[in-house]
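The structure under discussion appears below in the form of structure tokens.
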2 protein chains.
Amino acid sequence: MTAEPSTTPRPSAQGPGAARQHTLRERNLQLVARAVFDAPTPLSRADVAAATGLTRATVSTLVDRLVEGGLVSELPPVAAQRAGRPAVPLVPAGRSVVGLGLEVNVDYLGARVLDLTGEVVVSRVTAGSFHDSDPADVLGTLGTLARDVVAEVHDGGMRLAGARLALPGLVDARTAELEVAPNLGWSSLEPVPLLGLRGPDGSEVPVVVANEAKLAALAELAGDVPSSFLYVSGDVGIGAGIVVDGRLLAAERGWNGEVGHVVVDPAGPRCSCGAYGCLEQYAGKEEILRSAGLPVDASLAELLELLRSHDRGAGAAVQRAGRALGSALADFVNLLGVSTVVLGGVYTELEPWLRDEVLTVMGERVLAAPFVSLEVRAAQAGQYAALSGGAREVLREVVAYPAAWV
Amino acid sequence: MTAEPSTTPRPSAQGPGAARQHTLRERNLQLVARAVFDAPTPLSRADVAAATGLTRATVSTLVDRLVEGGLVSELPPVAAQRAGRPAVPLVPAGRSVVGLGLEVNVDYLGARVLDLTGEVVVSRVTAGSFHDSDPADVLGTLGTLARDVVAEVHDGGMRLAGARLALPGLVDARTAELEVAPNLGWSSLEPVPLLGLRGPDGSEVPVVVANEAKLAALAELAGDVPSSFLYVSGDVGIGAGIVVDGRLLAAERGWNGEVGHVVVDPAGPRCSCGAYGCLEQYAGKEEILRSAGLPVDASLAELLELLRSHDRGAGAAVQRAGRALGSALADFVNLLGVSTVVLGGVYTELEPWLRDEVLTVMGERVLAAPFVSLEVRAAQAGQYAALSGGAREVLREVVAYPAAWV
DNA sequence: GGCGTTTTGTTGTATGGCTGAACTATTGCG
DNA sequence: CGCAATAGTTCAGCCATACAACAAAACGCC
């Protein structure tokens, strides 16, 4: 278990390396895997051939490999209504290869395992309060939890492809270092060794660290969002993930999407970052609560309660946040040319009260507004989206480089 | 002339199509071409083999194809200082395959031809005043100019790979339609047919339309910029190009980089776009001139004159623009995670007076500022950068898909 | 119920492009 | 002048795909 492929640098399926014979294999395996995994309804080998442009002969050998490798399963052939030999439906293999999502956030930590069908195999979340916590302590706890989960998965005969650790802060994708996580009070540390995560057979489990909002953004891809969108996650801080063609837009060191400190009003209140009038001072969770007349450590439920009872102050607070958010998102859309915005984090449940203000301001400020239809919607991935997004991302790589598994 | 390849949809070198034997050829041709074109000093066949990981045998046949196709030239073998058979240096072929850049801007139009070495083969620019002009008229004039240039190139025995038309406005990349160009007074038209451009042998010349600032951004790649940067071009309007890994970041319909209407101050002056306090109201060319005490149709030279003589008002005007620009760029950098900003258009010459303010404000507002070194520099591509950038972009595609030319 | 039709999946054979090793070409050096 | 070193070429072998023929398993029609 805890397989070899993820440790190797990466197959040259589309890398800049020299293309050899086996490169063809890799690419076509990927092509076939994508066809099977992306199809809304199970395809047969012949369908795959038609979809990919490969011949049925080639598709047959490739599919056989994927079945052997445990990435694809064959369903019992179902007699169609038309003439001809019945086709064998191909589907993603369940409970075979799985991905692990891990997360530490301000008020919980958890682990979740997904299989290639997208189903949840195990999910364990523990509530807690990790404001100004000890990294070694918290990550050690998560590591223990993760080890249990990995063992359980292993006993079930599944193979773990890898793991993603989501953290609410600035993560350097190259060095796997957490630069700073203000709301945890953590800074400048390497989280992976602190997990101490090993497979039951003592093998290494490859863990990649990433920003929480970005992984949550990827979780949306399980739904019916377009392949390019902007995900904005509101909490104490405000993070964002930019998804283009189903993949995160990568920056030099992974430090993009820092929407929380976009200028809303240079004459506004001073922000913790040192500047004035940042978005966080208008649409951050604590600021919304405060301006709704609640204590900053109040729960989202309390705010929703007020909103549902048409409380004046709460309504005004959320409207104020909506205007600021709309202004920042308009900048975002002008710069990136994306037309769909998904609201995550606390914004998900506030969406009914935020939506109108956000759309109004965006309509005013987005230059291309007359030509495109801007869409703002609530996130659909449910709670602990980053856990699912992380696991999903691991599995996306499996499908993208299936050659390592056959 | 005016070759066939660009009309075909596109070779499947990295497209999602099925990988066949000849796909290997295409990819490795591309690999070898890139190696030869990107090398700072001429490589031999053996060097290319070492750089790409292909065997010398394979490289030899591939290079022979590229030489036959006129993309690569062999220099006379120069006896090295060390032992062994002297190597044959390979270089991009000059005056063989060429790209055409076209542009209509507010006060000029022009055409420029570059060859694969990056050298200018022909360049013709005509001054004019195209504020509120007739599109058919102006594009017809440009078409005539272009036809002359194409004929000249053809008579010189060169082959034209294609053309890019740069326009200062919102261009839909899919439909090749110009949505709106405020400073020309144009809207909703198809520019390419109005050019009426045909090769001397009556063949079609494939023309792709693009935004002027984006093509100017690509021209910077000829210099020593990093492969990812942000290009901001100041003029009456303010445009931007986002370059990631040497390529423009593509949005759904090509409408990104609209930095001119980013929020600087919601309490600021009303903008022509309908919103308040847009960047253009602080750092647009006309606003800078006005606040420097010059008429809005004054030339950049007059402003520079004032600045050089340490005029108070002019200095303050540029500082004000610099602060606003810094604020907008900080948002940009926070969102995209790029650390290099190139100042183009009128900002190029204003850079010495802008730079400090821009960097100061960015240092305050960029969240990752403590961890990265932000760089702000003046554009280096010279005048009419979009002409060079457009021609360059045509040739980049030739190098990226050399299989069509061998 | 047999038989043609239709569609799926498999089994050869042919082909193109890369590798690897041997070979030729051309220089420097002792 | 012969040897070592480096560049480039030639040729057999291999691998993954295409193409075509074939086997399998249904339907339907008389």
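Considering only segment A:37-48, state which residues are more than 7 Å from DNA strand C (Cβ to nearest atom) and open to solvent by 10 Å² or more (accessible area, probe 1.4 Å).
Correct list: A:Phe37, A:Asp38, A:Ala39, A:Pro40, A:Thr41, A:Pro42, A:Leu43.
Do we find a residue being farther than 22 Å from A:Leu350 by Cα, open to solvent by 20 Å² or more (accessible area, probe 1.4 Å) and in a strand (DSSP E or B) anywhere in segment A:191-198?
Yes.
Go through segment B:51-60 residue by residue and tally those that are part of a helix (DSSP H, G or I) and near DNA strand D (Cβ under 8 Å from one of its atoms).
4
Scan segment B:271-298 for residues that are farther than 13 Å from B:Val236 by Cβ and not hydrophobic (A, V, I, L, M, F, W, C) and jot them down.
Once the filter is applied, which keeps residues that are farther than 13 Å from B:Val236 by Cβ and not hydrophobic (A, V, I, L, M, F, W, C), segment B:271-298 yields B:Gly274, B:Tyr276, B:Gly277, B:Tyr282, B:Ser291, B:Gly293, B:Pro295.
Taking A:Ala321 as the residue in question, decide whether it is surrounded by 14 or more Cβ atoms within 10 Å (Cβ to Cβ), assigned to a helix (DSSP H, G or I) and either more than 14 Å from every other protein chain (Cβ to nearest Cβ) or not hydroxyl-bearing (Ser, Thr, Tyr) (or both).
Considered against the rule, which asks whether it is surrounded by 14 or more Cβ atoms within 10 Å (Cβ to Cβ), assigned to a helix (DSSP H, G or I) and either more than 14 Å from every other protein chain (Cβ to nearest Cβ) or not hydroxyl-bearing (Ser, Thr, Tyr) (or both), A:Ala321 comes out as yes.
Give A:Thr126, A:Thr175, A:Thr141, A:Thr117 a once-over and let me know the one that is at pLDDT below 95, surrounded by fewer than 22 Cβ atoms within 10 Å (Cβ to Cβ) and either not basic (Lys, Arg) or not in a strand (DSSP E or B) (or both).
After ruling out the rest, the residue left standing is A:Thr175.
Within the bounds of segment B:363-383, is there any residue that is open to solvent by less than 10 Å² (accessible area, probe 1.4 Å) and closer than 27 Å to B:Ala210 by Cα?
Yes.
Tell me which residues, restricted to segment A:77-99, are within 16 Å of DNA strand D (Cβ to nearest atom) and surrounded by 12 or more Cβ atoms within 10 Å (Cβ to Cβ).
Answer for segment A:77-99, where residues must be within 16 Å of DNA strand D (Cβ to nearest atom) and surrounded by 12 or more Cβ atoms within 10 Å (Cβ to Cβ): A:Pro77, A:Pro86, A:Ala87, A:Val88, A:Pro89.
Please verify whether segment B:345-366 includes one or more residues that are without any contact (Cβ under 8 Å) to a residue 60 or more places away in the chain, in contact with an Asp or Glu (Cβ under 7 Å, 6 or more places away or on another chain) and under 28 Å from A:Leu249 (Cα atoms).
No, segment B:345-366 contains no residue that is without any contact (Cβ under 8 Å) to a residue 60 or more places away in the chain, in contact with an Asp or Glu (Cβ under 7 Å, 6 or more places away or on another chain) and under 28 Å from A:Leu249 (Cα atoms).
Look at segment A:66-75 and say how many of its residues are surrounded by fewer than 19 Cβ atoms within 10 Å (Cβ to Cβ) and more than 11 Å from DNA strand C (Cβ to nearest atom).
Number of matching residues: 2.
The values are calculated or read from the model by the stated rules, or taken from the named source; none is laboratory data. Treat the numbers as computed from the prediction; the structure is a model and nothing was measured. Glycine gets a Cβ as well: all are built from the backbone with ideal geometry, and neighbour counts include every protein chain shown. All accessible areas refer to the heavy atoms of the entire protein, side chains included, with ligands and DNA or RNA removed. Shrake-Rupley method; radii C 1.70, N 1.55, O 1.52, S 1.80 Å.
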